Ligand SMILES: Nc1ncnc2c1ncn2[C@@H]1O[C@H](COP(=O)(O)OP(=O)(O)OP(=O)(O)O)[C@@H](O)[C@H]1O
């Protein structure tokens with residue numbers, strides 16, 4: 001066991017059987033670790049299994065074979081209360097943010113504390129107001145999601161996801177629908193809250209190279225396999241054709257100029 005690993009995959013395989021009976025292999029015996037307190041970006045083309053990987057981590061899907069550890073706990077086959085306990089270690093911010101339209105900003109953010117803790121209202125109020133202040137949302141607590149900009153809604157969703165002090169935050173395309181300026185701001189906010197709170201971050205995103213500015217480690221998924229890079233800069237030195245194609249199409253001119261043809 002690696003004590004600095006927040007998550008470890010060992011020889012994990014996952015496939016689906018399509019309607020015509022064919023097996024679609026999504027992950028083929030992949031192994032990697034997510035270092036604790038750092039940011040790992042998972043990239044790769046459409047349909048390569050990025051979201052499936054996050055769902056396996058949350059046990060919203062089960063592996064076919066292999067083992068997934070969260071810290072030193074094997075989560076691959078746990079159920080019931082044990083699984084619920086592991087899930088409380090995660091904060092999740094998925095596409096769309098999933099705020100409740102009928103609840104105010106304040107009530108949206110307070111929800112996990114009311115539902116999952118024994119805290120009383122004065123304590124909840126203190127906690128919610130503190131988070132709203134960290135995310136520059138003070139003064140907006142009585143508004144409803146429909147009255148907010150897309151970027152503000154994402155910030156409210158992040159505030160809510162942080163209420164139970166997650167050890168690990170999972171972000172799946174968290175800036176979908178935002179313009180480049182807002183996208184940049186949201187990622188800066190992730191970096192700031194992570195520096196303050198110290199959580200491990202896993203980000204699935206197409207916002208490359210923006211998201212690479214935050215990445216300590218990058219994983220690129222391709223045809224069931226994973227390539228793991230200790231930093232975004234390392235990617236440009238890969239000689240694998242699909243990685244070179246990824247660099248060419250997504251990483252921008254700085255990298256393209258360094259590619260050896
Ligand atoms: N529950 C499921 N049942 C059957 N097939 C599934 C299921 N979940 C995902 N898939 C298939 O697995 C493949 C990988 O899906 P996934 O959502 O992980 O892709 P992705 O890399 O996140 O793609 P994108 O960048 O387009 O979001 C897709 O072909 C998808 O149709």
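The values are calculated or read from the model by the stated rules, or taken from the named source; none is laboratory data. All figures in this text were calculated on a predicted structure; none of them were measured in a lab. All Cβ positions, even for glycine, are placed from backbone atoms using ideal geometry, and neighbour counts span all protein chains on display.
Overview of values
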read-out: Residue within the stretch 21-31 that is touching a strand residue (DSSP E or B) at 6+ places or on another chain (Cβ under 9 Å), surrounded by 13 or more Cβ atoms within 10 Å (Cβ to Cβ) and outside any strand (DSSP E or B) present; value: no
read-out: Qualifying residue in the stretch 161-168 (condition: modelled with pLDDT under 90 and within 16 Å of the ligand (Cβ to nearest atom)); value: no
read-out: Residue within the stretch 93-111 that is modelled with pLDDT of 95 or more, within 17 Å of the chain's Cα centre (by Cα) and assigned to a helix (DSSP H, G or I) present; value: no
read-out: Count of the stretch 8-22 residues which are away from the ligand (no atom under 11 Å from the Cβ) and closer than 16 Å to residue 62 by Cβ; value: 5
read-out: Any hit, the stretch 216-238, residues being loosely packed, with under 15 Cβ neighbours inside 10 Å, within 16 Å of the ligand (Cβ to nearest atom) and on the phi > 0 side of the Ramachandran plot; value: yes
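So that you can scan it fast, the table gives a plain yes or no per residue for (1) more than 16 Å from the ligand (Cβ to nearest atom); (2) assigned to a strand (DSSP E or B); (3) farther than 25 Å from residue 212 by Cβ:
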{"position": "43", "(1), (2), (3)": "no, yes, no"}
{"position": "46", "(1), (2), (3)": "no, no, no"}
{"position": "59", "(1), (2), (3)": "no, no, yes"}
{"position": "66", "(1), (2), (3)": "yes, yes, yes"}
{"position": "78", "(1), (2), (3)": "yes, no, yes"}
